[in-house]
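Colleague: This is the structure, below, for whatever I ask next.
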Amino acid sequence: MLDLSRLRALHAVSVHGSVAGAAAALGYTPSAVSQQIAKLERETRTTLLERRGRGVALTEEARHLADTARQLLAIVERAETTLEERRGQPSGLLTVAAFASAARGLLPGVLAELAARHPALDVRLTEVDPHLSVDLVARGVTDLAVAHDWDIAPLPAPEGIEQAVIGDDHCDLVVPAGHPFTGRTVIRRADLGGERWVCQPPGRVCHDWLVRTLRTAGFEPDIAHVAEENHTIVALVAAGLGVAVVPRLGTGALPEGAVAVPLEPGPVRRLYALWRTGAARRPAITAAVRTLRAHWAAPTGGAARPDGAATAPQGPLPGDCASVRGTGDPARQ
């Protein structure tokens, strides 16, 4: 009889491509994952992992077994969903993946409320890139993901994935104090030529948005400094080293020396919660999505519209027949 926890470890290695990645996703140490795989190899009398340089690769037999593990884990998930639904209360383990600024600016309050309201529910958070999180949900590694998209990069939602809008995160043009833009009531995109920019690395949506926007306006962007974290970007702007477009979520109050000015039209990124269709009836998913929306719309959470009011999300919750299934957001198509 194959042990399900060992199959889960193999499945995680197949999804993440490494023992370390599987360990991070499962909340284990790499040594513990390696031990699970070694025991599974003894049980099956099969070599499952081969050394490739500093990493490992799945053998052909391991890939077939990992696919079987995926199917078994889906069956287990349906059984767990049915039991939780019959209890009528959120319970068990709920794994959540979220991008960096959501993990910092939205999830702490959400996780605290879920823990207080539903003591039988064990929620575990992992910070990941938003587009990677969709694949993690699809593969059954993560139960729920908080991701975002921009108008230039719609969020993919493969078959078998449902999603609900959490809210819209507005972005500001942040400039050093004393910059000529600080004395103006509105900045147009046509005004952005000639600026030195602080931006995230190539391949990130914020970077791609900036490059496309400036080129459309007839300017070649002068990206002077590149940083991963929004807090680092804002600090570089405050030091007078450039200007930046920064999402409000997770950024917090601007430091002395940095000023937000109105950019028209300003970029907006939309936040989504995503889950597998097979888990849509699970009370834990519904409770988590409802709490995400409530915290987004709260006066002290989420991202405010220019008039200062919170953007209140609308639309179906998990399990509703009208939930979006594998098609992306119709409003953005």
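The values are calculated or read from the model by the stated rules, or taken from the named source; none is laboratory data. In this text, all values refer to a predicted model and were calculated from it rather than measured experimentally. Glycine gets a Cβ as well: all are built from the backbone with ideal geometry, and neighbour counts include every protein chain shown. Please note that ligands, DNA and RNA were not included when accessible areas were found on the heavy atoms of the full protein model with its side chains. Shrake-Rupley method; radii C 1.70, N 1.55, O 1.52, S 1.80 Å.
Colleague: So Val226 ticks every box in (1) in contact with a Cys (Cβ under 9 Å, 6 or more places away or on another chain); (2) closer than 19 Å to Pro267 by Cα but one. Which box is left unticked?
Modeller: (2)
Colleague: Among the residues of segment 223-234, how many are open to solvent by less than 70 Å² (accessible area, probe 1.4 Å) and either out of contact with any helix residue (DSSP H, G or I) (no Cβ under 7 Å at 6 or more places or on another chain) or under 15 Å from Leu173 (Cα atoms) (or both)?
Modeller: Of the residues in that region, 6 qualify.
Colleague: Another question, if that's okay. Kindly list the number of the only condition in (1) under 24 Å from Ala103 (Cα atoms); (2) in contact with a strand residue (DSSP E or B) (Cβ under 6 Å, 6 or more places away or on another chain); (3) outside any strand (DSSP E or B) that fails for Gly240.
Modeller: Checking Gly240 against (1) under 24 Å from Ala103 (Cα atoms); (2) in contact with a strand residue (DSSP E or B) (Cβ under 6 Å, 6 or more places away or on another chain); (3) outside any strand (DSSP E or B), the one that fails is (1).
Colleague: State all residues of segment 1-16 that are touching a residue at least 24 places away in the same chain (Cβ under 8 Å) and either loosely packed, with under 14 Cβ neighbours inside 10 Å or hydrophobic (A, V, I, L, M, F, W, C) (or both); if no residue qualifies, say none.
Modeller: If the condition is that a residue be touching a residue at least 24 places away in the same chain (Cβ under 8 Å) and either loosely packed, with under 14 Cβ neighbours inside 10 Å or hydrophobic (A, V, I, L, M, F, W, C) (or both), then Leu2, Asp3, Leu4, Ser5, Leu7, Ala9, Leu10, Ala12, Val13, Val15 are the ones that fit.
Colleague: Additional query: Can you report the number of residues in segment 29-54 which are closer than 25 Å to Asp129 by Cα and either among the acidic types (Asp, Glu) or crowded, with 19+ Cβ neighbours inside 10 Å (or both)?
Modeller: 1
Colleague: Pick from Arg117, Arg78, Arg184, Arg104: which is modelled with pLDDT under 85 and not acidic (Asp, Glu)?
Modeller: Arg78
Colleague: Just to verify a result, which residue in segment 196-213, among those that are buried (at least 19 other Cβ atoms within 10 Å of the Cβ) and at pLDDT 90 or above, is nearest to Ala103 (Cα to Cα)?
Modeller: Once the filter is applied, the top-ranked residue is Gln200.
Colleague: So, in segment 213-237, exactly how many residues are assigned to a strand (DSSP E or B) and among the charged types (D, E, K, R)?
Modeller: Total meeting the criteria: 1.
Colleague: Further question on the same structure: Determine which member of the set Val146, Val123 is closer than 20 Å to Pro283 by Cα, more than 13 Å from the chain's Cα centre (by Cα) and not small (Gly, Ala, Ser).
Modeller: Testing whether each residue is closer than 20 Å to Pro283 by Cα, more than 13 Å from the chain's Cα centre (by Cα) and not small (Gly, Ala, Ser) leaves just Val123.
Colleague: In segment 169-195, which residues are surrounded by fewer than 17 Cβ atoms within 10 Å (Cβ to Cβ) and in a strand (DSSP E or B)?
Modeller: Arg188 - this is the single residue of segment 169-195 that is surrounded by fewer than 17 Cβ atoms within 10 Å (Cβ to Cβ) and in a strand (DSSP E or B).
Colleague: Right, here's the next one. Pairs, please: C-beta under 9 Å, at least 6 apart or cross-chain, first residue farther than 18 Å from Val19 by Cβ and in segment 52-69, second part of a helix (DSSP H, G or I)?
Modeller: Short answer, once both residue conditions are applied: Asp67/His11; Asp67/Ser14; Thr68/Leu7.
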